[in-house]
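See structure below.
Values in this text are rule-based calculations from the coordinates and carry no lab data. Owing to the predicted nature of the structure, the values given are computational and were not obtained by experimental measurement. Positions of Cβ are generated from backbone atoms using ideal geometry, with glycine treated the same way; all protein chains shown enter the neighbour counts.
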Amino acid sequence: MRYALLVQGGPYSSQASHSALRFARAVVERGHRLDTVFFYHDGVYNAARLAAPPQDEPHLGDAWRMLHDEHGTELLVCIAAGLRRGLLDEREAARHGKAGHSLEPPFELTGLGQLVEAGLSHDRLITFSP
Amino acid sequence: MNETEIATGERVTEGDLLVILRHSPHGSSWLREGLDTALVAAAFGQRVSLLFSGDGVLALLDGQQAGALGQKGTHGVIDMLAMYDIETLLVDAHALISRGLSTEDLLLPVSVVEGAALPKLLDQHRLVLNF
């Protein structure tokens, strides 16, 4: 089956991101495809480039990146929710005159249309909210 | 479509996307971000239904203003729904009654849905998103 996930909980603030990652790994271990993860609401903070959790805690950002590297999962971040919360890729940072960027590939800023598209084009869309 | 028809399941609302709104206009961005999703889906040509549930029914209250926090509020978006062809506005009966409200307190005409009709409503949409 083809799965997509919607993650709406902030990393380390609620269980949502941790649960989403464990579900993501279970999906691919069972031989399903996880094509897309869409980050919305406070879930966009999962894409923060500078996240530096203590070394004895799971690094959620790295775990998402590993999922992308190993399984080609798209990591899509809502641009409207991201910009409000300070998540800008290099292009948006330049456009808004910011000194640095806070989001980088494989995370991609994209529109909400991609969430609707993911929901309608996959067999399942599973939401993880706080 | 009227509430009796929905409640008895004789005629059920169909659509591509059902957005369930469970949060009030102020205090968090859930309602605004849920409505944004509905508008975008409608702009992409999907048939969108909204279900106002729990505190989400407060989004429809008449006489709203922008909040004290310098945010725009959501009543402006509610006013724009018709422009986006989002005309299926459903309200959970229990949410309305338990807050001492009736459909006369609301900005727009809505269809009231009884709890027993909800499973079928969810089933009749290709995608359900919960905010």
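Overview of results
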{"item": "Diffusion constant of the stretch A:22-98 at 4 °C, which comes from Stokes-Einstein with the Kirkwood Cα-pair radius and 1.567 mPa s, µm²/s", "result": "94 µm²/s"}
{"item": "Between helix B:30-43 and chain B: long-axis angle, C-alpha atoms, 0 to 90°, nearest 10", "result": "60 degrees"}
{"item": "Chain A - percent relative contact order, Cα under 8 Å, separation 6 or more", "result": "35 percent"}
{"item": "Distance histogram for chain A (every C-alpha pair counted, 5 angstrom bins, percent rounded to whole numbers)", "result": "2, 12, 22, 25, 21, 11, 5, 2, 0, 0"}
{"item": "Between 0 and 90°, nearest 10: helix A:60-71 axis offset from chain A longest Cα axis", "result": "60 degrees"}
{"item": "Nearest 10 degrees, 0 to 90: helix A:16-29 Cα axis against chain A principal axis", "result": "50 degrees"}
{"item": "Value of [θ]222 nm, deg cm²/dmol, for the protein assembly as shown, DSSP H segments ≥ 4, -39500 (n - 2.57) each, nearest 500", "result": "-9000 deg cm²/dmol"}
{"item": "Tail weight of P(r) past 29 Å, computed on alpha-carbon pairs of the protein assembly as shown, percent", "result": "35 percent"}
{"item": "In Å, descending, principal axis extents of the Cα set of the stretch B:3-130", "result": "44, 36, 21"}
{"item": "For B:35-45, mean number of other protein chain Cβ atoms within 10 Å", "result": "4"}
{"item": "Among A:LEU103, A:LEU112, A:LEU76: highest mean-square fluctuation, GNM of chain A, C-alpha pairs under 10 Å", "result": "A:LEU112"}
